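The values are calculated or read from the model by the stated rules, or taken from the named source; none is laboratory data. Predicted model only: the values in this text are computed from it and were never measured. Cβ: placed from backbone, ideal geometry, glycine included. Neighbour counts: every protein chain shown. Remember, those area values only see protein heavy atoms, side chains included, never the ligands or the DNA or RNA. Shrake-Rupley method; radii C 1.70, N 1.55, O 1.52, S 1.80 Å.
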Amino acid sequence: MKEAEKPVKIPENGILALMGKSSENILKSVGKPSRKEPSRFDYEWWIYNQDPDHYFQVGILNGKAVTVYGLGKSLNIQPFKIGEDAGEVFKKSQILSSLPIEYKGNTYKFELSEEDMNTRPAIRADGNILQLYIDKFDGKLSSVRAVDPETFIKQRPYELIYRGNLVSAKKLKEDQLLNVEKAEENQVFDLTNVIRSRHNLPSLKNDSEVAGIAYLHSKDMADSRYFAHESPTEGDLSDRLKKGKVAYSLAGENIAAHYIDGIASVEGWMNSKGHREAMLNSEFTHLGVGVYRDYYTQDYVKYWN
(Lines give C-alpha, C1' and ligand atoms only; values in the text may rest on other atoms or scores of the structure.)
Protein backbone atom coordinates (compact mmCIF):
# COMPACT_ATOMS: atom_id res chain seq x y z
CA MET A 1 0.00 0.00 0.00
CA LYS A 2 1.29 3.44 -0.89
CA GLU A 3 2.43 5.50 2.06
CA ALA A 4 0.29 8.40 0.85
CA GLU A 5 -2.92 6.43 1.26
CA LYS A 6 -5.05 7.07 4.33
CA PRO A 7 -7.42 4.15 4.99
CA VAL A 8 -10.79 4.94 6.54
CA LYS A 9 -11.42 3.64 10.06
CA ILE A 10 -14.71 1.81 10.51
CA PRO A 11 -16.45 2.39 13.88
CA GLU A 12 -17.48 -0.67 15.90
CA ASN A 13 -21.18 0.03 15.40
CA GLY A 14 -23.03 0.21 12.10
CA ILE A 15 -23.47 -2.38 9.36
CA LEU A 16 -19.96 -1.93 7.89
CA ALA A 17 -18.64 -3.35 11.17
CA LEU A 18 -20.27 -6.67 10.21
CA MET A 19 -17.38 -7.30 7.79
CA GLY A 20 -15.44 -10.38 8.83
CA LYS A 21 -17.93 -11.31 11.55
CA SER A 22 -19.22 -14.87 11.84
CA SER A 23 -22.70 -15.72 10.63
CA GLU A 24 -23.62 -16.52 14.25
CA ASN A 25 -22.54 -13.05 15.39
CA ILE A 26 -24.45 -11.46 12.53
CA LEU A 27 -27.63 -13.29 13.52
CA LYS A 28 -27.19 -12.01 17.06
CA SER A 29 -26.49 -8.46 15.87
CA VAL A 30 -29.11 -7.91 13.18
CA GLY A 31 -31.37 -10.96 13.32
CA LYS A 32 -32.52 -13.35 10.61
CA PRO A 33 -32.58 -12.13 6.99
CA SER A 34 -35.79 -12.02 4.97
CA ARG A 35 -34.24 -14.47 2.52
CA LYS A 36 -30.95 -16.02 1.45
CA GLU A 37 -29.84 -16.03 -2.18
CA PRO A 38 -26.82 -17.20 -4.18
CA SER A 39 -24.38 -14.84 -5.92
CA ARG A 40 -21.95 -15.04 -8.83
CA PHE A 41 -18.98 -14.74 -6.48
CA ASP A 42 -19.22 -17.79 -4.17
CA TYR A 43 -20.86 -16.03 -1.21
CA GLU A 44 -24.52 -16.26 -0.20
CA TRP A 45 -26.46 -13.04 0.07
CA TRP A 46 -28.48 -12.49 3.24
CA ILE A 47 -31.17 -9.97 2.31
CA TYR A 48 -32.57 -7.60 4.96
CA ASN A 49 -35.47 -5.90 3.17
CA GLN A 50 -38.01 -5.61 6.00
CA ASP A 51 -37.84 -1.81 5.89
CA PRO A 52 -36.79 0.21 2.82
CA ASP A 53 -35.21 2.85 5.04
CA HIS A 54 -32.90 0.21 6.55
CA TYR A 55 -32.31 -2.03 3.52
CA PHE A 56 -29.00 -3.88 3.44
CA GLN A 57 -27.41 -7.15 2.27
CA VAL A 58 -24.64 -9.26 3.81
CA GLY A 59 -22.59 -11.74 1.78
CA ILE A 60 -21.61 -14.88 3.72
CA LEU A 61 -18.83 -17.24 2.64
CA ASN A 62 -17.47 -20.05 4.80
CA GLY A 63 -19.41 -18.78 7.80
CA LYS A 64 -18.30 -15.14 7.75
CA ALA A 65 -19.21 -11.85 6.10
CA VAL A 66 -17.06 -11.08 3.06
CA THR A 67 -19.20 -8.24 1.71
CA VAL A 68 -21.85 -5.84 3.00
CA TYR A 69 -24.06 -3.52 0.95
CA GLY A 70 -26.19 -0.72 2.40
CA LEU A 71 -28.81 1.37 0.58
CA GLY A 72 -31.49 2.30 3.13
CA LYS A 73 -31.47 6.03 3.88
CA SER A 74 -31.67 5.56 7.68
CA LEU A 75 -28.97 2.88 7.98
CA ASN A 76 -26.11 3.34 10.39
CA ILE A 77 -23.29 3.16 7.88
CA GLN A 78 -20.59 5.06 9.79
CA PRO A 79 -18.31 6.78 9.08
CA PHE A 80 -20.57 7.72 6.19
CA LYS A 81 -24.28 8.48 5.90
CA ILE A 82 -26.60 7.62 3.05
CA GLY A 83 -27.72 10.92 1.50
CA GLU A 84 -24.60 12.70 2.70
CA ASP A 85 -23.31 15.43 0.40
CA ALA A 86 -20.61 14.08 -1.92
CA GLY A 87 -18.27 16.89 -0.88
CA GLU A 88 -18.39 15.65 2.70
CA VAL A 89 -17.86 12.06 1.56
CA PHE A 90 -14.75 13.03 -0.37
CA LYS A 91 -13.39 14.97 2.62
CA LYS A 92 -13.46 11.74 4.65
CA SER A 93 -11.90 9.68 1.88
CA GLN A 94 -8.73 9.81 -0.14
CA ILE A 95 -9.83 9.08 -3.68
CA LEU A 96 -6.97 7.74 -5.79
CA SER A 97 -6.84 6.62 -9.42
CA SER A 98 -5.22 3.27 -8.65
CA LEU A 99 -5.69 0.66 -5.95
CA PRO A 100 -2.90 -1.91 -5.56
CA ILE A 101 -3.61 -5.13 -3.65
CA GLU A 102 -1.19 -7.85 -2.53
CA TYR A 103 -2.96 -11.16 -2.02
CA LYS A 104 -1.41 -14.60 -1.46
CA GLY A 105 1.80 -13.68 -3.24
CA ASN A 106 0.01 -12.14 -6.21
CA THR A 107 -0.04 -8.45 -7.18
CA TYR A 108 -3.20 -6.76 -8.42
CA LYS A 109 -3.59 -3.14 -9.48
CA PHE A 110 -7.03 -1.71 -10.13
CA GLU A 111 -7.18 1.42 -12.29
CA LEU A 112 -10.09 3.82 -11.81
CA SER A 113 -11.24 6.13 -14.57
CA GLU A 114 -12.19 9.74 -13.86
CA GLU A 115 -15.85 8.72 -13.98
CA ASP A 116 -15.16 5.88 -11.52
CA MET A 117 -13.50 8.32 -9.13
CA ASN A 118 -16.47 10.69 -9.31
CA THR A 119 -19.35 8.21 -9.16
CA ARG A 120 -18.06 4.95 -7.62
CA PRO A 121 -14.65 5.44 -6.04
CA ALA A 122 -12.96 2.67 -4.05
CA ILE A 123 -11.06 3.27 -0.82
CA ARG A 124 -9.41 1.10 1.83
CA ALA A 125 -11.02 0.57 5.20
CA ASP A 126 -9.63 -1.69 7.93
CA GLY A 127 -8.14 -4.17 5.48
CA ASN A 128 -11.21 -4.18 3.24
CA ILE A 129 -12.35 -2.11 0.26
CA LEU A 130 -15.27 0.33 0.29
CA GLN A 131 -17.05 1.27 -2.92
CA LEU A 132 -18.91 4.55 -2.53
CA TYR A 133 -21.77 4.93 -5.00
CA ILE A 134 -22.42 8.62 -5.66
CA ASP A 135 -25.64 9.90 -7.22
CA LYS A 136 -24.24 12.45 -9.66
CA PHE A 137 -27.61 14.10 -10.24
CA ASP A 138 -28.26 15.08 -6.63
CA GLY A 139 -24.60 15.00 -5.55
CA LYS A 140 -25.17 12.68 -2.61
CA LEU A 141 -24.00 9.29 -1.37
CA SER A 142 -26.44 6.70 -2.71
CA SER A 143 -25.07 3.50 -1.18
CA VAL A 144 -21.94 1.80 0.14
CA ARG A 145 -20.49 -1.62 -0.60
CA ALA A 146 -17.76 -3.15 1.60
CA VAL A 147 -15.77 -6.03 0.12
CA ASP A 148 -12.86 -8.10 1.38
CA PRO A 149 -9.76 -8.25 -0.90
CA GLU A 150 -10.39 -11.77 -2.22
CA THR A 151 -13.99 -11.00 -3.18
CA PHE A 152 -12.96 -7.67 -4.69
CA ILE A 153 -10.48 -9.47 -6.95
CA LYS A 154 -13.13 -12.01 -7.95
CA GLN A 155 -15.56 -9.22 -8.87
CA ARG A 156 -13.04 -7.13 -10.83
CA PRO A 157 -15.19 -3.97 -10.79
CA TYR A 158 -12.48 -1.80 -12.41
CA GLU A 159 -9.77 -2.21 -15.01
CA LEU A 160 -7.21 -4.65 -13.66
CA ILE A 161 -3.50 -5.34 -14.18
CA TYR A 162 -2.05 -8.28 -12.26
CA ARG A 163 1.01 -10.47 -11.78
CA GLY A 164 0.74 -14.07 -10.60
CA ASN A 165 -2.49 -16.04 -10.40
CA LEU A 166 -5.86 -14.40 -10.97
CA VAL A 167 -8.28 -15.31 -8.20
CA SER A 168 -11.67 -16.17 -9.71
CA ALA A 169 -15.07 -17.28 -8.48
CA LYS A 170 -16.08 -20.89 -9.03
CA LYS A 171 -17.65 -21.59 -12.41
CA LEU A 172 -21.38 -22.02 -11.97
CA LYS A 173 -23.40 -24.85 -13.48
CA GLU A 174 -26.49 -24.06 -15.53
CA ASP A 175 -28.95 -24.65 -12.68
CA GLN A 176 -26.80 -22.52 -10.36
CA LEU A 177 -26.74 -19.70 -12.91
CA LEU A 178 -30.53 -19.80 -13.14
CA ASN A 179 -30.77 -19.46 -9.36
CA VAL A 180 -28.36 -16.51 -9.37
CA GLU A 181 -30.31 -14.81 -12.15
CA LYS A 182 -33.55 -15.19 -10.18
CA ALA A 183 -31.83 -13.82 -7.07
CA GLU A 184 -30.62 -10.76 -8.97
CA GLU A 185 -34.09 -10.18 -10.36
CA ASN A 186 -35.40 -10.13 -6.78
CA GLN A 187 -32.66 -7.74 -5.67
CA VAL A 188 -33.06 -5.34 -8.60
CA PHE A 189 -36.78 -5.19 -7.84
CA ASP A 190 -36.12 -4.52 -4.15
CA LEU A 191 -33.45 -1.91 -4.81
CA THR A 192 -35.69 -0.06 -7.25
CA ASN A 193 -38.44 0.24 -4.65
CA VAL A 194 -35.98 1.34 -1.97
CA ILE A 195 -34.78 4.13 -4.26
CA ARG A 196 -38.36 5.11 -5.12
CA SER A 197 -39.18 5.25 -1.40
CA ARG A 198 -36.18 7.54 -0.90
CA HIS A 199 -37.72 9.90 -3.45
CA ASN A 200 -41.20 9.69 -1.84
CA LEU A 201 -42.65 7.64 -4.67
CA PRO A 202 -45.07 4.69 -4.30
CA SER A 203 -43.69 1.18 -4.46
CA LEU A 204 -44.11 -0.79 -7.66
CA LYS A 205 -45.86 -4.17 -7.73
CA ASN A 206 -43.94 -7.17 -9.01
CA ASP A 207 -45.48 -8.37 -12.27
CA SER A 208 -44.53 -11.93 -13.20
CA GLU A 209 -45.89 -11.72 -16.76
CA VAL A 210 -43.93 -8.55 -17.48
CA ALA A 211 -40.88 -10.10 -15.78
CA GLY A 212 -41.09 -13.00 -18.22
CA ILE A 213 -41.07 -10.55 -21.14
CA ALA A 214 -38.08 -8.72 -19.61
CA TYR A 215 -36.22 -12.01 -19.14
CA LEU A 216 -36.75 -13.01 -22.77
CA HIS A 217 -35.32 -9.66 -23.89
CA SER A 218 -32.22 -10.09 -21.72
CA LYS A 219 -31.76 -13.61 -23.11
CA ASP A 220 -32.34 -12.42 -26.67
CA MET A 221 -29.67 -9.70 -26.28
CA ALA A 222 -27.17 -12.20 -24.85
CA ASP A 223 -27.89 -14.94 -27.40
CA SER A 224 -27.97 -12.63 -30.42
CA ARG A 225 -25.10 -10.45 -29.18
CA TYR A 226 -26.70 -7.04 -29.41
CA PHE A 227 -27.56 -4.36 -26.88
CA ALA A 228 -30.66 -2.32 -27.71
CA HIS A 229 -34.28 -1.82 -26.77
CA GLU A 230 -35.38 -3.06 -30.18
CA SER A 231 -34.85 -6.72 -30.94
CA PRO A 232 -34.02 -7.71 -34.53
CA THR A 233 -36.66 -10.45 -34.29
CA GLU A 234 -39.06 -9.46 -31.48
CA GLY A 235 -39.36 -5.70 -32.02
CA ASP A 236 -39.48 -2.95 -29.41
CA LEU A 237 -41.06 -2.98 -25.96
CA SER A 238 -44.56 -2.23 -27.27
CA ASP A 239 -44.29 -5.16 -29.71
CA ARG A 240 -43.10 -7.51 -26.98
CA LEU A 241 -45.81 -6.43 -24.51
CA LYS A 242 -48.47 -6.84 -27.20
CA LYS A 243 -47.17 -10.33 -27.99
CA GLY A 244 -47.35 -11.12 -24.26
CA LYS A 245 -50.95 -9.83 -24.20
CA VAL A 246 -50.18 -7.12 -21.66
CA ALA A 247 -52.81 -4.38 -21.93
CA TYR A 248 -51.02 -1.29 -20.64
CA SER A 249 -51.53 2.46 -20.82
CA LEU A 250 -47.87 3.45 -20.27
CA ALA A 251 -44.61 1.50 -20.45
CA GLY A 252 -40.87 2.06 -20.19
CA GLU A 253 -37.72 -0.02 -20.21
CA ASN A 254 -34.21 0.00 -18.77
CA ILE A 255 -31.48 -2.31 -20.04
CA ALA A 256 -27.92 -2.89 -18.84
CA ALA A 257 -25.12 -5.29 -19.71
CA HIS A 258 -21.80 -6.49 -18.29
CA TYR A 259 -22.24 -5.13 -14.77
CA ILE A 260 -20.87 -7.35 -12.01
CA ASP A 261 -24.32 -7.75 -10.41
CA GLY A 262 -27.76 -6.24 -9.94
CA ILE A 263 -26.52 -3.71 -7.39
CA ALA A 264 -24.05 -2.23 -9.87
CA SER A 265 -26.64 -2.13 -12.65
CA VAL A 266 -29.18 -0.26 -10.51
CA GLU A 267 -26.61 2.31 -9.40
CA GLY A 268 -25.58 2.67 -13.06
CA TRP A 269 -29.16 3.33 -14.12
CA MET A 270 -29.52 6.00 -11.44
CA ASN A 271 -26.58 7.88 -12.95
CA SER A 272 -28.04 7.83 -16.46
CA LYS A 273 -30.71 10.47 -17.16
CA GLY A 274 -33.17 8.39 -19.19
CA HIS A 275 -32.87 5.29 -17.02
CA ARG A 276 -33.22 7.38 -13.87
CA GLU A 277 -36.40 8.99 -15.20
CA ALA A 278 -37.95 5.55 -15.74
CA MET A 279 -37.02 4.40 -12.23
CA LEU A 280 -38.48 7.58 -10.70
CA ASN A 281 -41.57 7.87 -12.89
CA SER A 282 -44.52 8.37 -10.54
CA GLU A 283 -47.04 7.03 -13.09
CA PHE A 284 -45.69 3.49 -13.32
CA THR A 285 -47.42 0.96 -11.08
CA HIS A 286 -45.82 -2.40 -11.94
CA LEU A 287 -42.32 -3.67 -12.69
CA GLY A 288 -40.96 -6.85 -14.21
CA VAL A 289 -37.23 -7.63 -13.98
CA GLY A 290 -35.46 -10.14 -16.19
CA VAL A 291 -31.81 -11.18 -15.77
CA TYR A 292 -29.96 -13.54 -18.10
CA ARG A 293 -26.22 -14.00 -17.53
CA ASP A 294 -24.95 -10.40 -17.23
CA TYR A 295 -27.80 -8.77 -19.15
CA TYR A 296 -30.44 -6.89 -17.16
CA THR A 297 -33.88 -5.67 -18.27
CA GLN A 298 -36.47 -3.71 -16.32
CA ASP A 299 -39.92 -3.32 -17.91
CA TYR A 300 -42.20 -0.77 -16.25
CA VAL A 301 -45.92 -0.56 -16.93
CA LYS A 302 -49.05 1.27 -15.91
CA TYR A 303 -52.29 -0.58 -16.57
CA TRP A 304 -55.54 0.87 -17.81
CA ASN A 305 -57.82 1.73 -14.89
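Observations
- Nearest-ten-degree value, helix 208-224 long axis tilted from longest Cα axis of the chain: 70
- Treating r as the C-beta distance of ASP85 and ASN206 and R0 as 35 Å, the FRET efficiency rounds to 0.55.
- Relative contact order computed over the chain (Cα-Cα under 8 Å; 6+ residues apart), in percent: 16
- Label-zone membership for segment 270-305, site LYS243, 7 angstrom Cα→C-beta point, backbone N under 19 Å: 288-293, 295-301
- FRET efficiency estimate (nearest 0.05) - Cβ-Cβ, GLU230 to ASN305, R0 35 angstrom: 0.75
- Most mobile of LYS205, LYS36, LYS91 in a GNM of the chain (Cα contacts under 10 Å): LYS91
- In the full protein context, segment 202-301 carries 44 Å² of accessible surface per residue, based on a 1.4 Å probe and ignoring ligands, DNA and RNA.
- The chain: angle of helix 174-198 to the longest principal axis, Cα-based, in degrees nearest 10: 90
- When nucleic acids and ligands are ignored and a 1.4 Å probe is applied, GLU277 ends up with an accessible area of around 100 Å².
- Zone of GLN94's modelled label, taken as backbone nitrogen in segment 117-145 under 16 Å from a point 7 Å along Cα→Cβ: 122-130
- In the context of the full set of protein chains, segment 3-133 has a per residue accessible area of 46 Å² (1.4 Å probe).
- Counting protein heavy atoms only, the chain has 49 percent of its accessible area on carbon and sulfur, 1.4 angstrom probe.
- Estimated 222 nm signal from helices in the chain, with DSSP H stretches of n ≥ 4 weighted -39500 (n - 2.57), rounded to 500: -9000 deg cm²/dmol
- GLU159-ASP138 FRET efficiency (beta carbon distance; Förster radius 25 Å; 0.05 resolution): 0.35
- For the pair GLN78 and ASP126, the difference between a 0.36 nm per residue extended length and the Cα-Cα distance amounts to 16.0 nm.
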